[in-house]
Structure formats: C-alpha cells, structure tokens
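A short write-up of the structure that comes next.
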C-alpha cells in the first residue's frame, strides 16, 4: 500500500490511449495538430487567452515560466520551503543565469503579504543588492495547502504595486481546484504564468507552461529549445495533456486523490499538522509508530524527525486509504 | 510517402510494449530497476565499463555529455555544419555557461585532422583567446557519413596530444554501426562520452548519455537535474532504451533504414552528393524536379537551393523506397 | 623605439593631474561629482542625450554595452577578426550568458552590408538556430580602418529593417574621429551603444560606456555591479575620462598618434596592407626584414607570417616615427 | 569629520608614488615586472608558496577566488549578513554560473562550526538539493569582528571532513592582522584562497587574489580575462599592492585605523554592540542622538533603526576620533 509520492503513480489508461492515437507521423517538434491545440483548450479552461507550451518536467516548466519575468540580475521571492528553492538543485539559478531566490516565510509553506513585504523591506541598498523581479507561489503548497482566491488577490495587489511578475508552481494545481471548488481561473488568480502539472496526476511526463500574456510564448520557445526541452515528437506530450484536460479527467483524478487523503485524515485526527486541502497529509508519528505502520504494509516517506508525509494519487485504492485511516486511529 | 525526417517516425511496437511493462510504481527518478540496469547493458554492448544516463532529447544528451569535458571558459572544436552549432539554438552555450564552439572544416560535415589542427593553430594568444577543451564529432555526420575506425583513431591521437576531451554526437550512431559493420566499440573509437540516439530509431523520447569514464556520472547527474531533465518517472525512458538495445533491435532498425536509403541512392545515381553511409541521402534536384516528385506524393525537405534531403527510418516501407528510386531514375 | 601597442603607453600628465585632484573623500561608487558629470559632458560631445558609465577595461565596456541589446538566447553579428570574437577570451559569452557571436566577413575587418546579410540569410530554421539580436562594429577596425558616415548609415538601415541593436567598439574611436575629420556624432552614426576608449589614448584604466538610449543605464548599472566592475572610488575613472574629453585633449592625442602612423606609412610605401586611417599600420615584412628592424631598436609585434603590426600612441616620439619610416624605405 | 566608510578614504601618498614610478612602458596585462613580483612577495608574507593576481574590486576578487572551488551546480556556505550575500548584487551567482549561496547564522556575522553544520545537516536529498562546495568567511566580519586562529582551525577541520574549499573575504584582512597581533599566516589560517583587500586601506583600486594552491592561478587567469578584469596596464594595480605590502605599510595603516576606532569605543562605552576588533564600530544611537552628532559635524551611516556604523580609515585624523569619543560619552 503505497503512499510515497504521486509522482510514482501509474499512467492513466486514457492517457495511454491518447498517446497511442498520437503515434502517426506529424509535423515534428510542436508543429503537430495536438500541440497546436493547446492554446485554445487552455484558453477555454481559463476563460482568457493564453499560450501553452509543454515541458517534460515540473522543474523545466517552473524555470521556463520564470524566464518571462526575471532578468539574470534579478530575484524571485519564494517560500523558504518551496520546491524551486529546496528540490530543484539550483535549476532556477541555471535557467535564470544566476538570478537569486529571495526567501520568505509563511505558515504551511504559503507566502502571505507580511512575509513578502518583509523581504521587500530588506532591499534597501540599491545597486548593491539583488532586486525582486517576481514572486513565485505554489498551488498547493509543499504542505498541501491551497491559496484561496482572496489570498491570491492580496498577493496580486502587491505585485502590481511593486511591478513584479507572479508565477505559480501548479504541480498539484488540479488538487487545489478540486479542493477549492472554484474555477481554474479563480484558483490561478492574478498569476502571469502557471506551471500546470500533469505528471503527478495521471500523465507520464508532461506539464504545461501556461502564459497568460501570450506574447511571452516567443521567448519561452527559444529558451525551451536552448535548454534541450524541445522534443522532436512533442505530440506525445500534447496528447497526455489534452487527454487529461479535455473532458475534465484532470479534476476527477485530483478529486479522487483528495478524497483518499481526507479519509486518511479522518483517522489521523489531531496528529495531522494541517487539515488536508489536497492529496497530501502530514502526520505526527513517532519512530516506533512509523515502524509499526510499515510493518502493516504501508509505504511512505519521513518528512522530518516527528512527521511522516502521506501522499495519495489518482490510482490510490480507496480501500487502502480506509485501512490506513483505521491503522492511524488505532495507534 | 514520407522522407522528411527520422525524428517524425512512429514509436516501435516493442518500445511501446516495454513502456507498458514499465507502468508499475517503482522508485522515482532514476532509482528504478530499469534505469539501474543501463550501466551493465551498455557495458556489455561496448565491452568496457561505462555509466549511462537517459535524457529526453539529443540536444540535452549532447550538452550534458559536454559538461564533463568543457569548462565555462573553454571551447569545443566542432564542424561548421554540426548539429550542436547549427541546430541547437545555442544550447551548448547555455549548458556550458558561455563556452564557445570553435568551428572547423571538413568534407561531408566530418572533421579530420587537418581541419582540427587548423583551428588549434589559430589559438596563439594565450589568455586573450578561448582555448579548446574538447572535440565533438557526429557519427554519422550531418551528411550521413560515417567515421571509419582509423579516422576515429587519428582524431583520438590528436585529443591525447592536446589534452582534449572527445565527444560523439551519436544521434544516428546505430546507422553508423549498421553501415560500418563493426562493433559498437569500434564505431565509438576513443570517445570519452557518446550521445547514443534512440529517438530517431524507434523510441519516443529517449537518448542515452554514455560516459566511458564512469566517474563522470556524478557530475552529469547534478547537471541533468539542474537542467530540468531528471524525469520523476524515468523508468519509461530506460524502458525505451533497453527495448532497443537489449536483443539488438536497434541495429535491425538502423539496417532497415540504411537499406532503404541505399535503394533510393541506386535510383539517384550521380545526383547523390555522397554515396550513402546511413539512412540519409542528399540529392541534387532542381526546383522543377522537386515539384514533380512532390506531386507524385513524396514528402521531403529542401537542404539548400540545389539539394534535397531524403531520410529513411525504421518504419519507411521498402516499397516506398523502391518507388522513389524509380521516380528519381526517371527524372 | 616602441611600436608594440597603444595600450602600453604612459598615462598622460594631464590625466595624472585630474586623478590627483579627485583624491578627496566624496560619495563612493558613482555618486561622486565627477561621475555625475559624465552624462552632460558626453551629451554635449555627441549633441544628443546619453547616459555614460565608466568601466575599467574595454572588454568590460563592450560586454556591458551588449547586455542592453542581446538576450541570452540571441546572437551578435560581428567580424570574424573582431576583438570581441578573437581577443576577449569569450567574455561576450560570459556577460551575455551564452549568447553567440555570429561571424561575418568584410575587407579590413570591417563589416559591410553584404557580409551582414550573408549571415542573416543563413538564419532560416526558426527556433533551432540562434537569431541575431545585434550587430557589433569596431571603429576603427582591427586593421585600423575607419567606417565613413555613409557606411555607418547603410548598416544602420539594416539594423532598423531587422530590428537589431547596433554596438560600436570604439577602443580607438578617437583615432577614427581624428582621421575622418567629422564630428563624434558622425563617427558614431546610428549606434545605440558605444564603447568609448580612453585607455589606449592617455588614460590609465578607464573606458566609457555611452548609451544613446539613456533609459538603458539602469540595466547596465546592475550588470556592472554584478560583474565586479563598480569601483568604490569610481571618481578616479571619471577623472581620467573627463581630463581627456573636456577641452578636447582626446582628439589632440589621437591626431598625434595618427600623424606618426602616417609618417611611417610614407616610408613603408606599397608594403602597407592598407593606407593608414588611424594609429595602426600593417606592413608586409619578411622574417629577415623584421630581424633587421628589431636590430635597429624597433619593437613591434608580428601580426602573421607575412605582416608586422606597427602601433603609434599619444606618446610616440615624432622622431622615432621618422627614423622608422626611413628604415622601412631603406629595406 | 568623516566616519562613513574606509572605501571613501584618500589614496596614500606612497601608493601615488609607486603608481607614478610604474608609469613607463612595460609588458602589458600582467606580464610586467611588478605583477610578476607579486607571487614572491606574498609567498614571503605568508611563509608558503602562493599565486597572486590583482583585481580592481573586492567583489571581483571574491568571486574569482570562489571560481577555484565552486562548480556551477554547487553552493557556498556563507553568513546571512556577509558581503557576498548582501552587497554584491548577485555577483557570485554571475561568476559561478548560478551556484547558490547557502546561508548560515553566527554571532556578529561570523560563521562558527554550529552554524555551518546546521546548513550541512539540511542537505539530505541528494541530487534534488544544491550541495556545498565551499565555505566563505570574512576576516574581519561585517561587524568588524576577527576570527581567532583557533576559530579558523575549527572551520578548517570542518572543510577537510566535508571536502569543501575555504575562502576568506579579506577586504579588511589588514585590520584583522593588526588587531590579532599574529602573523598574516595565522590570520588566514587554513584558507585555500584569500581576497586580500587594499582598496579600503590606502590603495586606489587594487585587491589581491591570493591562491595558496598556486596551480589554481591558471584557472583564475582565464576567468579574470573573461570577466573583463584583465587590465592592459595592470602594472598600476601591482604597484599599489606592492607599495602597501612591501615594507609593511599595510599593517601600519590598519593599526592606525584600528586605534582610532578603539578610541571612539572608549567614548561609546556600553552603547557599542561589540568591543571593536578592527576599524569599525557599531553603536546604539537613537535618531535624536544621531541628529545631534551630525549637527556637530560627524558624518556616518545608519546601520539599522537602532544602530549607527562608524568606520575609521588610514587617514582618519586622531583628533577627530577623540572629539567623536567625547561627543558619544557626552550623550
């Protein structure tokens, strides 16, 4: 019974089908019919024009999105525990040519206005200090918490005042939308560029860079090629993304994963660090308790000395979640 | 009848099968059983120890391989018409942090000792000039020509004398081996790092970086992650590569493509720029002749004003090659 | 008798005086009164608004100027023998984060419309190829030849048509103005950014980045600091530049150096590769002849197997030039 | 009465003299007799072989030194308030091609073993996280505090255990040596590369990169040229450095500045954040008190809302320090 990570899940059967259907010669790179359809499909999804490019990893999607708003001498305000800071091995420094991550604080790995302003207030020495060019937030955060529309609006106001770009790492954007029960546009709020994750939600290896200023696509296209991320058979990535987004499969899968996490939370009770807002749950467990759970067949990662991380995915079996909930309640 | 590019071909059925078999939860990134088997499989193939990492594009494979031998202040001697110079949108400059490509001449887009030495002789002004750190050759070249083992040996001697690394872009390495009728080790010669292409030869999106100094794998691992090329479900790339290499499918497919090109060459006669040594053929054709061929249903790219490029692949149908050969002979 | 290089000449006494006068505490970096005066002084010199920043080397000045017009994924069209290509150890690749130099041909190391268009015509494959973002020309060229105003206008028209920036490496801009007998504005033509050289013309270590779009100064200021080129006592560089430019010393010194070169040319006769247009002369000399000249006390560099380079500077003594002219005539 | 910064001080007369003496044609760049003498002079100073290269700013010296020990995918552990983190506008990210600064804590902006180990313990996720390649410490720290030899030894042990390089930003190294009363070798401890500051201690614009592994000089030479920091008349920088180091002027000047700070501290009493260990003093002062002091003619910077920074230099007049001490005591 696997609760290690949603990025270890299987590929959804409908995604496989779409990939097979894409297996006919077409224009290479992103000139094929599927890749060409992305802009319109996401335009409909978000209710406003956007340009959409596939990328084969979330790290690439995040960093390519950031190239539209951060100069090499600039900085990105992000949470101290964000993925771009902690889990991408300095990829932003590479793609952004040495630009700096400016670390902010906030509960549950979410940025808030106070945390962002604290960073901005520390930038006082003109040319001697790196200036912020953008803010990057994660929907849902590293603790699985969602930004509500009003929280996004408050951050959006800040970016306007300070002339900053706004990026959203949406590796689990689907889980946020499913939890918030709002439209994708509301869950994205005022962001300029969104990394729309698919790989943790049924795809094999495809995320989407969604640019709400379509003119930025030109820049990202050059940067993507230059980073070795322009696949010659890009149609297979487009097929994965379309299989999930068209028809709403992406939200069904996310809702399933969220429900499994909620069920586990019901068993975890007050051990949970936060009430779950997505498919991730962080639970206080002693080493002995973890050993006991693993002996019962549950696989999961330690988060830190006191906490375990339990992640559900589209293919988590409901009965596994139920059993785990009971096991937690019985501790 | 499609002769546009081998990178537009379909995915081979056995590759699909292998990908489906890989679709079970496993250790993410490259910790899975398939990725872990690559070193041994390629070690057997080349008869010497090597470390092997997957990459989803040839550009990424080339540039990651070059990071093992070129410092940011160094240069790479390559052919003026090589892929890294002409078709990667400056990716080497990005991955190598501004290192320079030092352009050499040679017939058929192949480097030779004279061309390389001409570049080296021009580097005379010490710290004012970029120094060569490596040589990069393409097996087969952009004109589809193969380096014979003695040609590789001569270049290898040069690299030893001058303390340079040697990289081989093997996007069509399979076609070279099939043409030369030698072992993979002989077709690689004294190279330090090889980009072993699979995407043009039946795979969906997987090339292999083969490091004959296995200790360099450590470096490439960091650089790959940092470039956003560490897939969380890397097992699907490993599956593609293994499906081709284990059992020898890669060579069968390349031999098929080569044979199709040879058949077309028999019809092209003296119009061919070079006798074909792989799956590519460059044929002198007037605009009128091209129009006539296209009207007969043949799809291909113009190479330049006087020449068309005809590319066969693993799924080129033999009868299409025959028809094209006849059409060329009839011009 | 030294004809090695103008960058080995002494510092002019009036430059020394200005530096000594600057030796009083003032606002550090570029906040001092002298640095603050540069914009106005160069605005007067060129008859239009500009922003001016000092830099301690020509390489830094060139590369900082180019940051205003070239993105990391772009390219700079320059002459195959230009200083940025041949003598800056890849500095443009460093400052521009991997951008590429696109090499053009032209007589006497000068670019012309045909040479530039030949490069542009070769850029046809969209995202697979580096696109030109700027053109860089050298006034005077590596062979000491000046661009006449109409030549500059023709290149300027090209940049407009293709949406390119135009940079001028003016390490010896003073010599060009002195030779052309035109205004500085005419010798700069339609350039967007000029590296205005002082170090080869009486200064110790100060060149000026002249930005004819003053809004670009903001960008260069960040990039200069980030490259370690923001001196805390920048007033000493400003003092050097002002000592040369205010009052016209820069042109007097250049005219002197040009005259010395012209005198030598009169002795060299048809041995000269080009009639001199500045302070540099390239003269065909056999190894034996060079040995003979060196035995007479003349110091100079070999340019290539057949040619010697003779460089005069502000402190070349007229009688040394006369003696050298006679020695050449007597060969 | 100026206590703003030691980098706003005048150039020492003996430095001027040395620069004037250097004003004769010599081999350009760093081939001149003065530049060539640096290795030997610093070898004597530190009692062991070293290679020494000039750089015109402390930022350049720091970043060039770090290139010998940090790969683009690595990180540098430094104090949260260090100059490379806070005052160099991201220059380390530029020179090190996106490498990351890993921020540690410690009293008085000094690193200690606990602070460094806290950073190292947080690096647990392999290829997903930037690994430390080096530690950078500042002698004296941003609060003017010196590392004692035993503190350096403890950090040195850590670097050995973890295979890290050790860099010292010695912008005020002279003040540390003067305070500690030890040899330069003892004040440098086990560092691999030292930025030896001169600009804040009587020079115009010259710091020295001291490499205790002389073989690293080769690398730094390339990187220096490529960063536009190879002056054609480098002899003037060498002259400044030699004027200070040969004969011990550097230590006399630092001792003078330290003494002035100590005198001021005697007046500041318990208002001083730390007992002074160099030429800098941080004093708690209310806004009203600062206004009063400024009205008496004292110029100084605010450090933060509660603290003023008072900096003495080689040309601080003793009587000014005395007057300031009295003014502080009288508050």
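Only the coordinates and a few stated rules stand behind these numbers; no lab work does. Everything numeric in this text was worked out from a predicted model, so none of it was measured. Glycine also receives a Cβ, built like all others from the backbone with ideal geometry; neighbour counts cover every protein chain displayed.
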Copy-to-copy label separations for residue A:301, where each label sits 7 Å from Cα toward Cβ, in nm and ascending: 4.0, 4.2, 5.5
Show me the three semi-axes of the equivalent ellipsoid for the protein assembly as shown, from the C-alpha gyration tensor (sqrt of 5 times each eigenvalue), largest first, rounded to whole Å. 52, 44, 27
Here the Cα Rg-to-2.2 N^0.38 Å ratio for the range A:198-331 is 1.35
What ranking do D:112-125, B:236-249 get when scored by the average of other Cβ atoms within 10 Å per residue, highest first? B:236-249, D:112-125
Sorted by Cβ neighbour density within 10 Å, fewest at the top, the residues C:128, A:167: C:128, A:167
Cβ neighbours within 10 Å from other chains - mean over B:93-105: 6
In a Gaussian network model of chain A with springs linking alpha carbons closer than 10 Å, the residue among A:255, A:109, A:154 that fluctuates most is A:154
Teacher prompt: residue B:183 distances to equivalent labels in other copies, 7 Å Cα→Cβ, nm: 5.8, 6.6, 7.6
If the viscosity is 0.692 mPa s and the temperature 37 °C, what Stokes-Einstein diffusion coefficient in µm²/s follows for the range C:12-247 when Rh is the Kirkwood radius over Cα pairs? 184
Mind listing the Cα extents of the range B:250-329 along all three principal axes, in Å, largest one first? 36, 23, 19
How high is the FRET efficiency between residue B:218 and residue A:296 when r is their beta carbon distance and R₀ equals 51 Å, given to the nearest 0.05? 0.85
For chain B, averaging the sequence separation of alpha carbon pairs under 8 Å that lie six or more residues apart and dividing by its residue count, the contact order in percent is 24
Cα-based Rg of the range C:254-300 normalised by 2.2 N^0.38 Å, two decimals: 1.16
Beta carbons within 10 angstrom, averaged per residue: use that to sort the peptides D:199-208, A:48-57, C:39-48, highest first. D:199-208, A:48-57, C:39-48
Share antiparallel - DSSP beta bridges, chain A, percent rounded to 5: 45
Which value in Å is the Kirkwood Rh of the range A:1-58 over different Cα pairs? 13.9
Which three semi-axes in whole Å describe the equivalent ellipsoid of the range C:125-197, each the square root of 5 times a Cα gyration tensor eigenvalue, listed largest first? 25, 13, 9
Evaluate peptide A:306-313: per residue, the Cβ atoms of other protein chains within 10 Å of its Cβ; return the mean as an integer. 0
Within the protein assembly as shown, the percent of DSSP beta bridges that are antiparallel, given to the nearest 5, stands at 45
Per the Kirkwood formula on distinct C-alpha pairs, the Rh of the range A:282-330 is how many angstrom? 11.2
Cα coordinate range in the range B:209-269, projected on the principal axes (Å, largest first): 49, 23, 22
Quick shape summary for the range B:14-108, equivalent ellipsoid via Cα gyration tensor, semi-axes whole Å in descending order, reads 32, 15, 15
Per the helix-only model, chain D has a calculated mean residue ellipticity at 222 nm (DSSP H runs of ≥4, -39500 (n - 2.57) each, divided over all residues, rounded to the nearest 500) of -12500 deg cm²/dmol
Which distance in Å, rounded to a whole number, links the C-alpha centroids of the range C:1-75 and the range C:171-197? 15
For q = 0.16, 0.19, 0.20, 0.24 Å⁻¹, what log10 I(q)/I(0) does the range D:73-168 give under the Debye formula with an equal point scatterer on each alpha carbon and no solvent? -0.62, -0.87, -0.97, -1.36
Across the residues of B:79-86, average count of Cβ atoms on other protein chains within 10 Å? 1
When N is the residue count of the range C:28-82, what does its C-alpha Rg come to as a fraction of 2.2 N^0.38 Å? 1.42
Quick one: the Cα spread of the range A:103-143 along its three principal axes, in angstroms, biggest first? 35, 16, 12
Hypothetical label at residue A:318: residues of the range A:287-309 whose amide nitrogen lies under 11 Å (7 Å Cα-Cβ projection): none
If the label for residue C:14 sits 7 angstrom from Cα along the Cα-to-Cβ line, what are its distances to the same label in every other copy, in nm to one decimal, shortest first? 3.4, 8.1, 8.2
